[in-house]
Amino acid sequence: MTREGDVDEDKRATLRRFAALGAASPFARFGDSGSESDAPDAIAGYVSAHPGTHFSKLRDDLKLGTGEAQHHLHRLENEDVVASQKDGDYRRYFPAGQFSEFEQVALGYLRRSTARGMLVTLLRRPDVTASELASELDVSRPTVSNYAGDLESAGLLSREDGYAVTEPETVLTLLIRYADSFDDDVAELAGEADSLLRYDP
């Protein structure tokens, strides 16, 4: 049986781990804030390591209460440490000033399992068909078609001649840079990066 003290200690350990990232990040500004809580730096560190994360994921992974997370995120946004944008039903968070608009949109979709799976598969196999994508991702053809439409509207995918990632180098760079914050497929992709990057000397 888990005791309340164990839960509190687990939360403190999680906050301390991400606070170390936040304190080391170039946008940390809380050294003289007078706050005794690790939460602001932990949130900054978490957002730095998981750009494009949405509120519920951040709150749950850091074991914060809803009000506590909202309070610190509001403060971080006011201090221009963290920026956010609405993405459908989600609000996604990024280190302020670090990503272009395209990169923010890309990271938002990369945080969605099916969209990420489609982009990863297309980076590996640019000639893959919709049927093959559906089979690879274990989803229906209509699901692939719906996501393809969303990705096209977001500027991440072209459907002029099959499916093609519109800025493959940028998307691949984001996947590699933040591979630890995604899944095993992305970790494997990162290991294949040298063979996927194309140079035109």
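The phi-based Karplus calculation (6.51 cos²θ - 1.76 cosθ + 1.60; θ = phi - 60°) puts the 3J(HN,Hα) values of region 173-184 at 4, 5, 4, 5, 4, 10, 3, 5, 9, 10, 10, 4 Hz, whole numbers, x for Gly and Pro. Amide H contacts for Val82 (H built 1.01 Å from N in the peptide plane; partners 5 or more residues away or on another chain; cut-off under 5 Å): Glu77, Ala96.
Set the Förster radius R0 to 30 Å, insert the Cβ-Cβ distance between Glu169 and Asp60 as r into 1/(1 + (r/R0)^6), and round the FRET efficiency to 0.05. The calculated FRET efficiency here is 0.40.
Under 5 Å between amide hydrogens, built in the peptide plane, is the criterion, and for Leu157 it picks out Glu152, Thr166 among residues at least 5 positions away or on other chains. In sequence order, region 146-154 has phi-based couplings of 5, 5, 4, x, 4, 5, 5, 4, 7 Hz under the Karplus curve 6.51 cos²θ - 1.76 cosθ + 1.60, θ = phi - 60°, and Gly or Pro positions carry x. Computed over neighbours whose Cβ is under 10 Å from that of Thr173, the net charge equals -2, Lys and Arg +1, Asp and Glu -1. Coupling constants for region 97-103 follow from the phi torsions by the Karplus curve (6.51 cos²θ - 1.76 cosθ + 1.60, θ = phi - 60°), and in residue order they are x, 9, 10, 6, 4, 4, 5 Hz; glycine and proline get x. In this simple spin-label approximation, Ser145 and Arg91 carry label points 7 Å from Cα along the Cα→Cβ vector, and these lie 3.6 nm apart. The label point for Glu132 and the one for Ser158, both projected 7 Å from the Cα toward the Cβ, are 1.9 nm apart. Among rounded, prolate and oblate, which fits region 59-167 when a ≥ b ≥ c are the square roots of the eigenvalues of its C-alpha gyration tensor, a/c under 1.5 means rounded, and a/b larger than b/c means prolate? Because a/c hits 1.5 or more and a/b exceeds b/c, region 59-167 counts as prolate. Database remark: amide H of Thr53 closer than 5 angstrom to the amide H of Tyr93 (H placed geometrically; neighbours at sequence offset of 5 or more, or on other chains; Pro and chain starts carry no H).
No value in this document is a laboratory result; all are computed from the given coordinates. Computed from a predicted structure; not experimentally measured. Ideal geometry is used to build each Cβ from the backbone, glycine not excepted, and the neighbour counts take in all protein chains shown.
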